[in-house]
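The structure appears right after this line, and notes come after that.
Nothing in this text is a laboratory measurement; each read-out follows from the coordinates by a stated rule. All figures in this text were calculated on a predicted structure; none of them were measured in a lab. All Cβ positions, even for glycine, are placed from backbone atoms using ideal geometry, and neighbour counts span all protein chains on display.
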Amino acid sequence: MPGLLDDGRLEGLVRDATAAPSMHNAQPWEFRYHRAARTLELRADFTRSMPHADPDGRGLHIGCGAALLNLRAAACHAGLRPEVRLLPDAADPGLLAEVRFTEGEGADRALAALEPMIAERHTSRYPYAEVPLEAGVQETLVDVAAREGATLEFPTGWHLSHVLQLIQEAEADESYYGDVDEARWLRRGTAESDTAVDGITEPNLGVRKRGGRAPVRDFARGSSDTDRGSAVFEQVPHLALVSTADDGPHAWLRAGQATERALLAATEEGLVGSFATQPLERRDLRWLLRDPVGGAGPVHVVLRVGYGPRGPSSPRRPPGEVLTVLP
Ligand SMILES: Cc1cc2nc3c(=O)[nH]c(=O)nc-3n(C[C@H](O)[C@H](O)[C@H](O)COP(=O)(O)O)c2cc1C
């Protein structure tokens, strides 16, 4: 099958992969296609890691896991069957996954159906409607995360209050959650803000929060601008926690795939979403997020979902910058 993936098709897959969410939009990935073996490597780009906010590389793996999920969805949508090996070489921790493409029966149709949502999903840092989620939505998100080997739960009652409190605590402690990293990736008021291919740009900041309990990260907090506008956010947000039974790079890659699959499914259901991972960036708070009664394992992602304005798209590096094709 020599013509299985010509340059155009390959670029299309990588474009979909790179539309994935990543911490501060750092896009910490690169791809290597081995043409003869019809194998695409997903590799970590450690120069784009967050030494302060993500010293263990958990967030980096989650973003790359999300890119892998998009790649799989795109391949299935193109009629290919992606066979994935996670972390195939213990001596090479930067090699996060190896994806071999074949043709024929067996593509995951449910996953293929989510591909059109890849271009629609954007982080929305706006207030969402204070209304319940439509019937069946929570079950759908729980189900798609489970298919990726992760647990997704919607905390309620005391657990929701507890999670909101932990997020607030993390937000209040500026020294802890890596403003140095945020500053590195904020593309605002700089010459490159209009032409940026990564990072958080002006339109991605959303509105300032002046009330409500829903968490939203304000990448421009502390600045005195007023032109962004301000708004009251939800009092009782719909938060979802993504956890796995175990911890470590393998679990983080699974959590990333589960998170992106849930976000794509949410998009299909007419929802928007954002992340609130500040407490995960502090070791002491991270462990407290889990539900001790439910017995879930470590939490890797805190999502907020709901009905609200779609977020704007954010910049991406073009495939040519992240893809190397080998014979
Ligand atoms: C592991 C991880 C953690 C994130 N944490 C936050 C966060 O705490 N607050 C936030 O507003 N966005 C967070 N994001 C979202 C990214 O900032 C966002 O994906 C990126 O800017 C690209 O924008 P997009 O999602 O609209 O494509 C996180 C994303 C990932 C993958």
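Write down the Kirkwood hydrodynamic radius of segment 153-273, to one decimal in angstroms, obtained as one divided by the mean of 1/r over all alpha carbon pairs.
One over the average 1/r among Cα pairs gives 16.9 Å for segment 153-273.
Distance between the C-alpha centers of segment 40-58 and segment 260-327? Whole Å please.
15
How much length, in nm to one decimal, is gained on full extension between residue 192 and residue 158, taken as 0.36 nm per residue of separation minus their Cα-Cα distance?
Values: separation 34, 0.36 × 34 = 12.24 nm, distance 4.44 nm.
Result for the pair: 7.8 nm of gain on full extension.
Write down the radius of gyration of the chain and its Dmax, each obtained from C-alpha positions, in Å.
Here Rg and the maximum Cα pair distance are 19.1, 59 Å.
Determine, for each peptide in 55-62, 88-95, 162-169, 239-246, the mean count of other beta carbons within 10 angstrom over its residues, then list the peptides with the highest first.
Ranking, from highest mean packing down: 55-62, 239-246, 162-169, 88-95.
So what's segment 208-327 giving for Cα Rg divided by 2.2 N^0.38 Å, two decimals? Please list the in-between numbers first.
Values: Rg = 17.2 Å, N = 120, 2.2 N^0.38 = 13.6 Å.
Ratio of Cα Rg to 2.2 N^0.38 Å: 1.27.
What is the order of 180, 137, 232, fewest Cβ neighbours within 10 Å to most? Display every interim value, and only then the final one.
Working: 180 10, 137 18, 232 13.
Placing the least packed residue first, the sequence is 180, 232, 137.
Residues in segment 125-152 near a label at residue 56, defined as backbone nitrogen under 18 Å from the 7 Å Cα→Cβ point?
150-151
Using only the Cα atoms of segment 266-327, construct the convex hull and provide its projected area averaged over every direction, in square nanometres to one decimal. Working shown, then result.
Details: hull surface 32.8 nm².
The number I arrive at for segment 266-327 is 8.2 nm².
Between residue 105 and residue 180, how many nm apart are label points set 7 Å from Cα along the C-beta direction?
About 5.6 nm separates the two model spin labels.
What's the FRET efficiency of residue 317 with residue 236 using the Cβ-Cβ distance as r and R₀ = 51 Å, to the nearest 0.05?
0.85
To the nearest 10 degrees, how steeply does helix 249-268 sit against the main Cα axis of the chain, on a 0 to 90 scale?
That works out to roughly 80 degrees.
Where a ≥ b ≥ c are the square roots of the eigenvalues of the C-alpha gyration tensor, would you call segment 1-125 rounded, which needs a/c under 1.5, or, failing that, prolate if a/b is larger than b/c, or oblate?
In terms of gyration-tensor shape, oblate.
State the extension gain, in nm to one decimal, for the chain segment bounded by residue 269 and residue 227, taking 0.36 nm per residue of separation less the distance between their alpha-carbons.
11.9 nm
Sum up the charges of everything whose Cβ sits under 14 Å from the Cβ of residue 128, counting Lys and Arg as +1 and Asp and Glu as -1, but leave residue 128 out.
+1
May I ask you to list the residues of segment 42-62 whose amide nitrogen lies under 16 Å from a point 7 Å from Cα along the Cα→beta-carbon direction of residue 85?
Under cut-off, by backbone N: 42-43.
Compute the helix-to-body angle for 137-147: its Cα long axis versus the longest principal axis of the chain, expressed 0 to 90° and rounded to tens.
Between the helix axis and the principal axis of the chain, the angle is about 40 degrees.
For the chain, give the share of DSSP beta bridges that are antiparallel, in percent and rounded to the nearest 5; count only bridges with both residues there.
75
Over the chain, what is the relative contact order in percent, taking alpha-carbon pairs closer than 8 angstrom and at least six residues apart?
Values: 649 pairs, mean separation 86.0, N = 327.
Result for the chain is 26 percent.
Based on the Cβ-Cβ distance of residue 92 and residue 147, what FRET efficiency does E = 1/(1 + (r/R0)^6) give at R0 = 45 Å, to the nearest 0.05? Could you put the intermediate results ahead of the total?
Values: r = 28 Å, r/R0 = 0.62.
For R0 = 45 Å, the calculated efficiency reads 0.95.
Treat the count of other C-beta atoms within 10 Å as a stand-in for reagent exposure and order 197, 322 from fewest to most.
197, 322
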